[in-house]
Number of protein chains: 2
Amino acid sequence: MDNGARMIWGREDRESASDKIILDYIKNRFGVSDVIEWDGIYRRKNLGENSELLSLISQCLPPDRISFRSEDRILHSMGKSAMEYASIMDGVDVPIVDAVIYPEEDEIECIMNKLRGKGIIISYGGGTSVTGGLRPNSQHGYAVSLDTRNLNVFNLDERSMVLEAGSGLLGPDIERRLNERGLTLGNFPESFQFSTLGGWIATNAAGQESNRYGKVRDMVLGIKMISPRGTFTDHVVPAESAFFRVADIGIGSEGTFGIITRAWLKVRRVPDRYYYKAYMFRNFSEGLEVLRNEFTSGRSRMVARLSDDQETSLSLLAAGDSAAYRLFRSYLRYRGVHDSGSILVVMDDSKIDIKGGVGLGPAPAKMWSRTRFDRPYLYNELIRHGIIADTIETSVLWSKAQDLYSAVVSAFRNESDRLKIPSIIMCHASHEYISGTALYFTFLFYSRKNKADVLRSLRGAILNAILASGGSISHHHGIGQYLSDLLPAYKGSAFELMSQLKHFLDPDNMLNPQIIK
Amino acid sequence: MDNGARMIWGREDRESASDKIILDYIKNRFGVSDVIEWDGIYRRKNLGENSELLSLISQCLPPDRISFRSEDRILHSMGKSAMEYASIMDGVDVPIVDAVIYPEEDEIECIMNKLRGKGIIISYGGGTSVTGGLRPNSQHGYAVSLDTRNLNVFNLDERSMVLEAGSGLLGPDIERRLNERGLTLGNFPESFQFSTLGGWIATNAAGQESNRYGKVRDMVLGIKMISPRGTFTDHVVPAESAFFRVADIGIGSEGTFGIITRAWLKVRRVPDRYYYKAYMFRNFSEGLEVLRNEFTSGRSRMVARLSDDQETSLSLLAAGDSAAYRLFRSYLRYRGVHDSGSILVVMDDSKIDIKGGVGLGPAPAKMWSRTRFDRPYLYNELIRHGIIADTIETSVLWSKAQDLYSAVVSAFRNESDRLKIPSIIMCHASHEYISGTALYFTFLFYSRKNKADVLRSLRGAILNAILASGGSISHHHGIGQYLSDLLPAYKGSAFELMSQLKHFLDPDNMLNPQIIK
Ligand SMILES: Cc1cc2nc3c(=O)[nH]c(=O)nc-3n(C[C@H](O)[C@H](O)[C@H](O)COP(=O)(O)OP(=O)(O)OC[C@H]3O[C@@H](n4cnc5c(N)ncnc54)[C@H](O)[C@@H]3O)c2cc1C
Ligand SMILES: Cc1cc2nc3c(=O)[nH]c(=O)nc-3n(C[C@H](O)[C@H](O)[C@H](O)COP(=O)(O)OP(=O)(O)OC[C@H]3O[C@@H](n4cnc5c(N)ncnc54)[C@H](O)[C@@H]3O)c2cc1C
């Protein structure tokens, strides 16, 4: 595939019966035909080699770790966001990096020196960014994608449960090697299979089990970061009182402060066993209140995913119209939960006993767990039919969660009415804290034309409602290019602290230049 | 007391029988007489009012919140460190602040403006600093101590378990008001009774129950900080992916980046009950290995204090020569633990069952808990007799803990031999992590003259051994003036990040100027 690259999720397709049911339901509801609007491959012609750029960077690394191939360059110029897919489907020309490099750690300084004043470097981990964080900008001279895959040290201090790991390691690389020793890092974002440690750190990611293992900020003892200004490394100690660590500013820095080349991480023992349980609530509001009660009382669970009515009905739909499913629905009605309701799936390493709701036994939670990394494959099918599915997530104190939820849903519905497009919005509480919860909104729409514009309007409506309701600008996806315009107002004067550090670390603005403006 | 201030611990003395036993033992061992060398009050004459300074700052705050009184100024010019006591006993003139002010939040900006180019501001919380962090420097014009006691907001969002609290609140103020609602912040440094929230944040303090509640860095959702450059405030959300927060750099900044005026903190429910248990190990090394096993396996306990042989024998001594105590010793011998041994006291909110060691039942742990804030009163007695007691603490990975411990003890003994002074060093593991432990060294010595020089040499020997063994420069006391010379080398190039931010936030170097040089 020399003039194109597969942009949709995974190396190949996957078929699932429940995806088919949901796809048909949505196509039907949106009035979308069977026509494939896009096959998921982005093609571009005439991406030639640039000899000046080649001669610059080949002073730092051997030719077999420099690529000008179209497929590589296309792949490295985008993440996996709805906005990028929408632009492609709108027929807009997406900016493409001029080269992809695969350096080792000690070559990075040289590359920065050679490109200074001549181009920009965009760190590329697994390419699962959903914030436009990987998108190059041609205004800055050459755009080079620095793929971290060769940053792959792996040293385990098992006595101290500390892993030193290269930022280019993928989720499964890390977990497989730790699991062999009965250990785990415990970071399982939905993108786990294709995302890297460096990407996780750069975005302060949150895995599905973050209630137990924390966000990345809680896992990292220290990092090594290479910037145009120099190389910065933390001490590897359990805790210290000595101002801030490199990690404190490097986590969440999205490739703008430096390239994170390795990190030291706390690891844990894999739990002996897991327990699963699901509950049904009359509505989202009732479920949220039960979660609040549990988490504010210190009864945290590894995973507690509470879906609102819309998401619940779609996931029940996916269960199919089997006899078992009909029986299940009549049981729910018997227990006082009617056609709309809010499902909570819980997974933990100790017995689960949540006070409130109607217990559904373990099956729905086990089902969630079995398919926990599969949702993006369903999205592939939607995208092929021209249906855009995007997500926006936030976190909010318990005291404001209900209002935020209502505000977002109504803002979205108003905007979508105004635009006169068929759409769905749904939500789940995805990660819980003592003080509040992350709320993860998924929305779908169909528009034959101007998909990117429509998407931008809908996103804007959701984000404004979130910010007006006291939610965080992002709980785990990060800022990237799509939120960078909102960042200065969100941060207020604290934005100056970021710009100062940015300016110090990267005076020529050569690292991911479009995020901190 | 207009020409002096009580510098030793507490508002008044306390007598305890066990303190008397230990005091006598040490006096005996060191060959120290009964003479009182210092009464614990520091006196200075001729501390007049400065009218220019008064007219400057009275533009910002009313006269009843400005003090030129000797007692106030002396008290605000020092912390509670052995180094400060040693200097006083050596007869050295300690630098004294020119005024003490007690501003409200909205007066701080004005004060910074008026003092710019004319003086420095040292934030003063409870004055329990042990790092020289409060010591003024006359090279910088006027030195003004900014006492935070009027920064005392207290707003509880109980639904979200979030407390907004003023930095000037003392430990007991916070806990009492939370306890009324069945809640706790959970930060109990030994200095709890006289230290403030702002001091805790500025030093990234660790309470005795930090294994459960975390260090301050783990408790804080956000801070408000006022710097000469402006005011910076965090969003109050459970978690975010949006670069770093003000808290990420403000925690541990020791008054050098700005004055922390308030913070938003996670609170928890007070546990239903506490369990206590103590264990005896043949030696420190055996005990450390058991702790390592427990904590790396995820079996964390709220408090687990493991004393080395020296500290154990002193604490057994304190138990007195009662019949019960003799019985206890014979029991230990019967169980195979002889005169030297290492005691572990454990407190938790669930049943304690540690594998290894000889169980001693709950009594020693309950005793520890009852007297957990009392040690400084014993130190008062030592100081009066001219005996210096100091502490240096670090944190280290489990894999390096044993070696660090041995290196410190032998470095200390060598140095103390070289100096030909009587001394004792002891240690306990004070705060444990999955990855390692904090080690808290206490050392005592007697020198008739040049106490400060001797102390400096002993501290140097310990610190060098710690740093050479991979320990952190400090686990929870912070840097202050005593470690500021070591900080640049410890931080390496990362020190530049701190200086950059310092320079940005405080371009005239008017806030605690002697820490980041
Ligand atoms: C289907 C799907 C599900 C997702 N689920 C989750 C989820 O559950 N939780 C979650 O947190 N996120 C999730 N994400 C978002 C994304 O997976 C995360 O942001 C992830 O951390 C990115 O890792 P990556 O290796 O793919 O990084 P990339 O996408 O390659 O890069 C992400 C950003 O980090 C920068 N970067 C990458 N590596 C480095 C480095 N070594 N040094 C400095 N900067 C670097 C890049 O320049 C870019 O700005 C999901 C995304 C998708 C598409
Ligand atoms: C006997 C004893 C026991 C101790 N035990 C512990 C312990 O168990 N754990 C522990 O962590 N520490 C301990 N300490 C050290 C000390 O108590 C802590 O550092 C504490 O956090 C200091 O709080 P404070 O309010 O007394 O601050 P201060 O001593 O008044 O100030 C400490 C530092 O913070 C700065 N500062 C204070 N308030 C602010 C503010 N609002 N904004 C900006 N900067 C500010 C000061 O300028 C100074 O540099 C102990 C000290 C003593 C004497």
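The values are calculated or read from the model by the stated rules, or taken from the named source; none is laboratory data. Computed from a predicted structure; not experimentally measured. Note: ideal-geometry Cβ built from the backbone for every residue, glycine included; neighbour counts use all protein chains shown. These accessible areas exclude ligands, DNA and RNA; they are computed on the full protein's heavy atoms, side chains included. Shrake-Rupley method; radii C 1.70, N 1.55, O 1.52, S 1.80 Å.
Please go through (1) under 30 Å from residue A:413 (Cβ atoms); (2) of a type in the set (A, V, I, L, M, F, W, C); (3) in contact with a Leu (Cβ under 9 Å, 6 or more places away or on another chain) for residue A:487 and return the number of the only condition it doesn't satisfy.
Looking at each condition in turn, residue A:487 falls short on (3).
Could you please find all residues in region A:399-421 being within 14 Å of chain B (Cβ to nearest Cβ) and open to solvent by 10 Å² or more (accessible area, probe 1.4 Å)?
Matches in region A:399-421: A:399, A:400, A:402, A:403.
Would you be able to say whether some residue in region A:230-244 is over 22 Å from residue B:395 (Cβ atoms) and open to solvent by 10 Å² or more (accessible area, probe 1.4 Å)?
yes
If we scan region A:349-363, do we find a residue that is of a type in the set (Asp, Glu) and open to solvent by 10 Å² or more (accessible area, probe 1.4 Å)?
yes
Kindly list the number of the only condition in (1) surrounded by 17 or more Cβ atoms within 10 Å (Cβ to Cβ); (2) at pLDDT 95 or above; (3) hydrophobic (A, V, I, L, M, F, W, C) that fails for residue B:22.
Failing condition for residue B:22: (2).
Test of understanding: among A:424, A:392, which residue is in contact (Cβ under 8 Å) with a residue 24 or more places away in the chain, in a strand (DSSP E or B) and more than 14 Å from chain B (Cβ to nearest Cβ)?
Working: A:392 fails: more than 14 Å from chain B (Cβ to nearest Cβ).
Sole residue among the options that is in contact (Cβ under 8 Å) with a residue 24 or more places away in the chain, in a strand (DSSP E or B) and more than 14 Å from chain B (Cβ to nearest Cβ): A:424.
Only one of A:227, A:241, A:210 is at the interface with another protein chain (Cβ under 9 Å from one of its Cβ atoms), within 12 Å of ligand 1 (Cβ to nearest atom) and not charged (D, E, K, R); which?
Exactly one residue qualifies, and that residue is A:210.
Quick one: in region B:252-276, which of the residues that are buried (at least 23 other Cβ atoms within 10 Å of the Cβ) and more than 10 Å from ligand 2 (Cβ to nearest atom) is nearest to residue B:104 (Cα to Cα)?
For region B:252-276, the residue satisfying everything is B:264.
Return yes or no: is residue A:84 more than 24 Å from residue A:57 (Cα to Cα) and more than 16 Å from ligand 2 (Cβ to nearest atom)?
Yes: the conditions hold for residue A:84.
Quick check on region A:148-167. Is at least one of its residues more than 16 Å from ligand 2 (Cβ to nearest atom), over 30 Å from residue A:273 (Cα atoms), of a type outside the set (Phe, Trp, Tyr) and crowded, with 20+ Cβ neighbours inside 10 Å?
Yes, region A:148-167 contains a residue that is more than 16 Å from ligand 2 (Cβ to nearest atom), over 30 Å from residue A:273 (Cα atoms), of a type outside the set (Phe, Trp, Tyr) and crowded, with 20+ Cβ neighbours inside 10 Å.
State whether the residues of region A:437-459 include one that is on the phi > 0 side of the Ramachandran plot and more than 10 Å from chain B (Cβ to nearest Cβ).
Yes, there is a match, as at least one residue in region A:437-459 is on the phi > 0 side of the Ramachandran plot and more than 10 Å from chain B (Cβ to nearest Cβ).
All but one of (1) in contact (Cβ under 8 Å) with a residue 24 or more places away in the chain; (2) open to solvent by 60 Å² or more (accessible area, probe 1.4 Å); (3) in the same structural domain as residue A:110 (by TED's automatic domain parsing); (4) within 30 Å of residue A:445 (Cα to Cα) hold for residue A:8, so report the exception by its number.
Residue A:8 satisfies every listed condition except (2).
What is the residue count in region B:472-495 for residues that are in contact with a strand residue (DSSP E or B) (Cβ under 7 Å, 6 or more places away or on another chain) and either under 24 Å from residue B:128 (Cα atoms) or more than 7 Å from chain A (Cβ to nearest Cβ) (or both)?
Of the residues in region B:472-495, the ones in contact with a strand residue (DSSP E or B) (Cβ under 7 Å, 6 or more places away or on another chain) are B:472, B:474-477, B:492-494.
So of that shortlist, the ones also either under 24 Å from residue B:128 (Cα atoms) or more than 7 Å from chain A (Cβ to nearest Cβ) (or both) come out as B:472, B:474-477.
Number of matching residues: 5.
Just give me the residues in region A:248-276 being facing chain B (nearest Cβ under 9 Å) and small (Gly, Ala, Ser), in sequence order.
Once the filter is applied, which keeps residues that are facing chain B (nearest Cβ under 9 Å) and small (Gly, Ala, Ser), region A:248-276 yields A:250, A:252, A:253.
Quick check on my filter: what residues within region B:47-68 are touching a residue at least 60 places away in the same chain (Cβ under 8 Å) and either aromatic (Phe, Trp, Tyr) or surrounded by 17 or more Cβ atoms within 10 Å (Cβ to Cβ) (or both)?
B:53, B:56, B:57, B:65
If we keep just the residues of region B:426-460 that are of a type in the set (Val, Ile, Thr) and open to solvent by less than 20 Å² (accessible area, probe 1.4 Å), which is farthest from residue B:304 (Cα to Cα)? Please lay out each step first, then the result.
Step one: of region B:426-460, the residues of a type in the set (Val, Ile, Thr) are B:434, B:437, B:442, B:454.
Next, from what is left, pick out any that are open to solvent by less than 20 Å² (accessible area, probe 1.4 Å): B:437, B:442, B:454.
On the way: B:437: 10, B:442: 17, B:454: 32 Å.
Top of the filtered list is B:454.
Could you identify the single residue in B:199, B:230 that is under 20 Å from the mean Cα position of the chain (by Cα) and closer than 27 Å to residue B:506 by Cα?
Step by step, each of B:199, B:230 is checked, and only B:199 is under 20 Å from the mean Cα position of the chain (by Cα) and closer than 27 Å to residue B:506 by Cα.
Among the residues of region B:503-517, which ones are surrounded by 22 or more Cβ atoms within 10 Å (Cβ to Cβ) and either facing another protein chain (nearest Cβ under 10 Å) or under 20 Å from residue A:503 (Cα atoms) (or both)?
Across region B:503-517, the qualifying residues are B:505, B:506, B:515, B:516.
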